[in-house]
Amino acid sequence: MGYNRYLGKCSIFDDELWGILDGLAFIHNMRREGVLMQTDSLEVVQAIQDSSFSSLNSALIRRIHHLLLNARPWMIQHCPRVYNKIVDYLAKMAFDISQGLKIFEEISREVLALSPMSQAS
């Protein structure tokens, strides 16, 4: 399952935070426990791990921390950009849509073709 959201103009940092926030909200609404977050932004990983950062004026990070309280256990990892092709593809699809959050319940052939598993065979 995947999702995207049209954000208009914003920083890459905020874009990454919105992706994490939307994913956590989706998991929260499905009443799931345990979260593994992966991002290609080392700055975002450090910001979420550093609880003192949430005391800054970042409403997105405060909202993420609030959702993480209910998502235990949780873990966040830095994922090199080269392994992020699928997420990039879903994000680019948001340029065609100027509505809110869009959830993809089926994996398209284009996305499957980007998977490292499909390239291994």
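Couple of notes before you dig in:
- If the condition is being in a strand (DSSP E or B) and in contact with a helix residue (DSSP H, G or I) (Cβ under 8 Å, 6 or more places away or on another chain), then the range 13-54 contributes VAL35, MET37, THR39.
- Qualifying residues in the range 57-95 (those that are open to solvent by 90 Å² or more (accessible area, probe 1.4 Å) and of a type in the set (A, V, I, L, M, F, W, C)) - the one modelled with the lowest pLDDT: PHE95
- Selection count where residues are more than 10 Å from the chain's Cα centre (by Cα) and open to solvent by less than 50 Å² (accessible area, probe 1.4 Å), scope the range 11-39: 5
- SER98 vs. criteria modelled with pLDDT under 80, among the hydroxyl-bearing types (Ser, Thr, Tyr), in a loop (DSSP other than H, G, I, E, B) and open to solvent by 40 Å² or more (accessible area, probe 1.4 Å): yes
The values are calculated or read from the model by the stated rules, or taken from the named source; none is laboratory data. All values reported here derive from a predicted model rather than from experimental measurement. Glycine also receives a Cβ, built like all others from the backbone with ideal geometry; neighbour counts cover every protein chain displayed. Remember, those area values only see protein heavy atoms, side chains included, never the ligands or the DNA or RNA. Shrake-Rupley method; radii C 1.70, N 1.55, O 1.52, S 1.80 Å.
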